[in-house]
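Heads up, the thing below is written out as structure tokens.
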Amino acid sequence: MNRPPAVTQLTGSGQLGSITLDWKPVSWATVVDHYAVYVQNAGSFDLVGKTVYPHFVHRGLGFTGVRRMYRIVTVDAAGNRSRPSATVAATNSTSVTVSGVPVATVGTFDGKGSDLALSPNGYASYPTRFPADVDYTFGTSTPATDWSYLLPGPADRWAGSRNHRATFRFQLTAVPEQDLDLALWLIDSHASLAGSAVMTVNGSEVERLTFANGATKGSTIADSTYPGSPLKPSYLERPLPRALFRAGENVLELFKDNGSWIAYDAFGVFARK
């Protein structure tokens, strides 16, 4: 048997809920049918996926960091298999929703948006239900009526083809002793125009958040967790410097001035343990 070349330069990096693998592709002299991706479980390596590209994302890994071992096998057009690549270790990230303590949140971090206003498919009512956009106060507002499941953008004609803002208010008894953390989980977003939004805290611009493109299904489907769900969830978690905050009311805003809609799973601020 003529073995195809083995993969080299395999690297792994961890994200929330996933691990990304990259490697150097074998030379064009080899007609590659696919690369087989293996992960170690209980001492043996099990097939986790196949790809024709030198890139693979292992998804659905949960939100507590776990170290995993991977290796790749090249399979050529004749079905011949290479020797396994060198093994690489990678650890998915631990979410602040696991490691932290919730300060103020809206929605449940569960892969579903069904507990939010207008969900699962009432986006067309956004202009009349939220004519001045979302303004939510933690502790008094209600997710099912006061926090829209979608944050539209200027590319959305159904929402007036204009910029939109989500305002989130919460109380602190004192300036926090440590930095806080933002958790912004999406069940889906527009497939090609997810775009970005400017995040401010108490009037100070913190960052422009760029959203991963999704599947354009979350405007009518609220659950990303069932087998075969067409939704493409994504996760943004960021540190928020303690100096941004004050005793009393604090205001965090997302200003969607670029692209199309995003569909929330949940949103919130967490303290560090």
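For the pair the stretch 96-160 / the stretch 180-227, the C-alpha centres are spaced 11 Å from each other. Listed values for the stretch 149-157 are Karplus-derived 3J(HN,Hα) couplings in whole Hz (6.51 cos²θ - 1.76 cosθ + 1.60, θ = phi - 60°), namely 5, 10, 10, x, x, x, 7, 9, 5, and x replaces Gly and Pro. Once Rg and the Kirkwood radius are both taken over the C-alpha atoms of the stretch 141-273, their ratio Rg/Rh works out to 0.99. Taking one quarter of the surface of the convex hull spanned by the alpha-carbon atoms of the stretch 188-242 gives a direction-averaged projected area of 4.8 nm².
If you wrap the chain in the convex hull of its Cα atoms and look at it from every side, the mean projected area works out to 16.7 nm². Taking amide H atoms as placed 1.01 Å from N in the peptide plane, the amide H of TYR136 lies under 5 Å from those of THR167, PHE168, ARG169, each 5 or more residues away in sequence or on another chain. With +1 on the Cβ of every Lys and Arg and -1 on the Cβ of every Asp and Glu, and nothing else charged, how large is the dipole of the stretch 8-91 about its Cα centre, in debye rounded to the nearest 20? Taking the Cα centre of the stretch 8-91 as origin, the dipole is about 160 debye.
Contact order, relative form, for the stretch 64-218: 15 percent (alpha carbon pairs under 8 Å, 6 or more residues apart, mean separation divided by residue count). Each of GLY203, HIS190, PHE130 was scored by the projection of its Cα onto the charge dipole of the stretch 96-272, and the greatest displacement toward the positive side belongs to HIS190; charges sit on the C-beta of Lys, Arg, Asp and Glu. Per the Debye calculation on the stretch 8-91 with a single equal scatterer at every Cα and no solvent contribution, log₁₀ I(q)/I(0) for q = 0.23, 0.26 Å⁻¹ amounts to -1.11, -1.36.
Using θ = phi - 60° in the Karplus curve 6.51 cos²θ - 1.76 cosθ + 1.60, the 3J(HN,Hα) couplings for the stretch 69-75 round to 10, 10, 8, 10, 10, 7, 10 Hz; x is entered for Gly and Pro. GLY12 sits among other residues whose Cβ lies under 15 Å from its own Cβ, and their net charge, with Lys and Arg +1 and Asp and Glu -1, is +4.
Quick note: the coordinates plus some simple rules give every number you see, no bench work behind them. Quick caveat, the model's predicted, so the values are computed rather than measured. As a convention, Cβ positions derive from the backbone with ideal geometry for all residues, glycine included, and neighbour counts pool all protein chains shown.
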